[in-house]
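To keep things clear, I will list the structure first and then write my remarks on it.
The values are calculated or read from the model by the stated rules, or taken from the named source; none is laboratory data. Fair warning: this is a prediction, and the values are worked out from it, not measured in the lab. Note that each Cβ is placed from the backbone with ideal geometry, even for glycine, and that neighbours are counted across all protein chains shown. Areas reflect the complete protein model, heavy atoms only, side chains present, ligands, DNA and RNA absent. Shrake-Rupley method; radii C 1.70, N 1.55, O 1.52, S 1.80 Å.
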Amino acid sequence: MKQIYPPSITGKGSRFAAGGSVLDHAFGASAPYTLGVEEEYMLLDAETFDLVQHIDTVLAAVSGSELEPRINPELMQSVLEVSTPVCRTPADVADQLRALRTYVSDIARERGMRVGSAGTHPFSLFERQRITAKDRYRAMVDRMQYIARRELIFGLHVHVAVDDPEKAIKVVNALIVHLPELVALSASSPFWRGEPTGLASSRHMVFAALPRSGPPPRFEDYAEYAEVVGQLERTGCIADYTHIWWDIRPHPRLGTIEIRICDAVTQLDDVIAITAFCQALVKHYSERYDAGEAMPSFHRILTTENKWLAARYGIEAPIMDRYTGRRNRVPVSQMVRRTLRLIEPHARELGADGELTGIEQILRRGNGADRQLRVFNANRDIVEVVREIAELTEAASEVPA
């Protein structure tokens with residue numbers, strides 16, 4: 001994430017030494033549960049709706065503007081990333097993302113482009129994409145070769161501030177059981193290379209090839225986490241912890257928990273609902289930690305299986321019930337509704353209960369993958385699918401009554 005929180009260690013932040021490793025952190029430097037959100041957009045040709053390699057054109061156009069620090073390149077030249085400043089509520093995030101979506105959409109249209117938000121581009125090929133001319137990305141491709149070149153995918157990342165490093169570790173552990181719910185709510189990539197894949201989220205299958213991806217391991221404490229990161233750094237396996245791409249990870253420099261599992265989401269209202277869901281979940285488990293209560297746990301193999309089912313089937317995925325331990329399976333939508341009952345009081349205290357109601361709307365009408373498939377099945381026209389993605393992404397400029 002691009003500087004949504006202070007880069008220096010301030011407030012309660014400190015240097016934490018463990019087993020010879022030192023890992024700076026800023027947990028406690030920002031108010032608990034403040035937010036930062038990143039979105040990755042597709043840069044599209046306005047006529048063909050194929051991807052275009054014009055990130056440099058966009059960056060030149062935004063140079064010197066107030067929003068320039070919020071707009072950045074990514075691995076491929078057809079990808080644009082935006083990031084919000086620190087926000088207190090999901091409503092604040094909505095204002096920031098609406099402004100960013102409107103601004104980059106206007107910049108793109110003036111230059112014969114459109115922008116779109118979804119987990120994959122339905123028909124563009126990764127072989128035709130150019131790598132962004134930055135040392136970080138060139139080194140990534142040099143090290144990972146085909147795996148990196150194939151990463152033509154787009155994500156939504158939600159940061160939630162936490163005030164203590166030990167708490168951050170325990171909350172990440174608890175959030176692992178909710179990975180299937182987040183996959184199902186955000187899934188928006190049913191196409192890959194011009195074909196319907198039969199998956200709600202093809203992005204997850206592509207991303208799984210990266211090293212240090214997938215559900216995070218469960219750490220006992222911050223010292224163990226710092227030692228593992230230190231070992232990876234000392235041996236040269238990674239440059240720093242941001243090269244660990246788990247579905248959820250602590251982000252010590254920003255003092256946040258970063259929820260990275262979501263596909264890029266097309267409709268802004270859905271982004272805000274998922275943001276409210278993440279914020280209230282973090283508050284729920286933070287308060288359980290403060291009260292000394294046990295955190296939920298589910299075996300990694302079972303969690304991974306549930307995540308796969310959610311990526312395959314979406315909102316109606318038949319996942320294993322972690323609450324009752326019954327032998328039968330239940331729709332992931334049922335699990336989401338159970339979670340909503342847990343976190344609704346927290347969302348209300350955060351002033352985000354209105355935004356959280358958007359989760360029920362996703363469950364009723366379907367996620368982004370469902371919408372894309374409905375558009376495709378009407379005429380079997382995959383270009384129409386991308387046009388719809390662009391129009392709904394740009395519709396964020398329309399302020400709701």
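Just a few scattered comments:
- Note on the chain: with a GNM built from Cα contacts shorter than 10 Å, the maximum mean-square fluctuation among Asp164, Asp270, Asp142 falls on Asp142.
- Largest GNM mean-square fluctuation across Ala133, Ala390, Ala369, computed for the chain with C-alpha springs under 10 Å, falls on Ala133.
- Rounded percent of accessible protein surface that carbon and sulfur make up, region 183-229, 1.4 Å probe: 55 percent
- Student exercise, the chain dipole from Lys, Arg, Asp, Glu Cβ charges, in Debye to nearest 20: 1020 debye
- Pairwise FRET efficiency - Arg128 versus Arg212, Cβ, R0 = 30 Å, nearest 0.05: 0.65
- For Ile248, the residues whose modelled amide H falls within less than 5 Å of its own, excluding neighbours fewer than 5 places apart on the same chain, are Arg260.
- 222 nm mean residue ellipticity, helices alone, for the chain (DSSP H n ≥ 4; -39,500 (n - 2.57); rounded to 500): -13500 deg cm²/dmol
- Per residue accessible area in Å² of the chain, where ligands, DNA and RNA are left out and the probe is 1.4 Å: 40 Å²
- Ordering Trp308, Trp192 by accessible surface, largest first, gives Trp308, Trp192; the 1.4 Å probe counts only protein heavy atoms, with every chain in place.
- Measuring r between the beta carbons of Ala395 and Thr357 and using R0 = 25 Å, the FRET efficiency lands at 0.80.
- In the list [x] 0.94; [y] 1.01; [z] 1.06, the label attached to Rg/Rh (Cα atoms, Kirkwood Rh) as derived from the coordinates here is [x].
- For Leu67, Leu254, the ranking by accessible surface with the largest value first comes to Leu67, Leu254, using a 1.4 Å probe.
- Efficiency of FRET from Cβ geometry, Asn328 and Ser297, R₀ 22 Å, rounded to 0.05: 0.60
- Within the accessible area of region 68-116 (1.4 Å probe), percent carbon and sulfur: 43 percent
- Length gained on full extension, Arg143 to Cys237: 32.8 nm, using 0.36 nm per residue less the C-alpha separation.
- Antiparallel content of DSSP bridges confined to the chain, in %, to 5: 95 percent
- The chain: most fluctuating residue of Gln279, Gln361, Gln372 per GNM, C-alpha cutoff 10 Å: Gln361
- Extension gain from Arg150 to Asp321, taking 0.36 nm per residue of separation minus the Cα-Cα distance: 58.2 nm
- Placing a label point 7 Å from the Cα of Thr197 along the Cα-to-Cβ line, the residues of region 294-335 whose backbone N sits under 19 Å from it are 304-318.
- Once both labels are positioned 7 Å from their Cα atoms along Cα-to-Cβ, the gap between Asp269 and Asp106 label points is 2.4 nm.
- Region 275-381, accessible surface, carbon-and-sulfur percent (1.4 angstrom probe): 49 percent
- Contact order for the chain, expressed relative to its length and based on alpha carbon pairs under 8 Å spaced 6+ residues apart, stands at 22 percent.
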